[in-house]
Amino acid sequence: MPTRLFSYRFPKGRKALVLTLYHCISARSFRVLWMLEELQLPYELRMLAFPPRAHDKSFLELNPRGTVPLFIDGETRMTESAAICEYLALRHSPGMLNVGVHEADFGSYLNYLHMGEATLTFPQTLVLRYSRFESAERLQPQVAEDYRKWFLSRLRTLEPWLATHKYMAANRFSAADISIGYALMLAELLGFAAQFTPAVAAYWQRLRARAAFERALTAQTNAAVAQGISPRAATEAS
């Protein structure tokens, strides 16, 4: 059911192609939603309760993994949030949210783009699992605490760079910042923001002040309410 569709002017004679994103409130799929808002592309937002594999078995027919994001662009289907960001940056924003292969920071851009998920989001998912999502007898506070420290130690490695740079690569906002930015958003939801180092904290405030970030927050809430899905963040799901 369509709930969020941009009005977008295509060149005369060109057919509009609507991108579809399956999303849970403030889950990893928020990266993709944020990208779509930055690019102002037409998209359809389909909301799911978290975790979707437990709440909507029919979703498994579309994505057997039962996870979000599920992103559809014509015949293309993708389920990895960082890869989708890279795809959108390359296909829909040349010279904008991507960093080209000819640019000096191309390698750094790719590194930070994937660091946001592989290094900074992964440990936080273990914090969530062992402090909130498991049944009472399977909760493991020490594991959650160990991975909280693991996350913060990796996050601190960004401090020297951000002390002298506004963004992660090429002196401009890019998909790498969206990838890292979501990890910071998740950390804030988990109550870790007070432990951000100064430059990381200032960077996070710059990112969350972006108009597209605010539009993405509003879009997910409005779509959830319209589709009868709880607007609670996935981090609060039981």
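The values are calculated or read from the model by the stated rules, or taken from the named source; none is laboratory data. Given the structure is predicted, the values throughout are model-derived calculations rather than measurements. Methodologically, a virtual Cβ is constructed for each residue, glycine included, from the backbone with ideal geometry; neighbour enumeration extends over all protein chains shown. Just the protein is used for accessible areas: all its heavy atoms, side chains included, with ligands, DNA and RNA removed. Shrake-Rupley method; radii C 1.70, N 1.55, O 1.52, S 1.80 Å.
Per-structure values
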item: Cα-based radius of gyration of segment 30-174 once divided by 2.2 N^0.38 Å, which approximates compact folds; result: 1.21
item: Of all accessible heavy-atom area on segment 49-178, the percent that carbon and sulfur account for (1.4 Å); result: 54
item: Separation of alpha-carbon centers, segment 105-145 and segment 183-233, rounded to whole Å; result: 17
item: Fluctuation leader among 190, 19, 60 - the chain, Gaussian network, Cα springs under 10 angstrom; result: 60
item: For segment 103-238, alpha-carbon Rg and Dmax in angstrom; result: 16.1, 52
item: Label zone at residue 161 (point 7 Å along Cα-to-Cβ), backbone N below 14 Å, segment 108-126; result: 108-121
item: Value of relative contact order over the chain, rounded to a whole percent, pairs C-alpha under 8 Å and six or more apart; result: 25
item: Stretch gain in nm, segment residue 129-residue 227, where the contour uses 0.36 nm per residue and the Cα spacing is subtracted; result: 32.6 nm
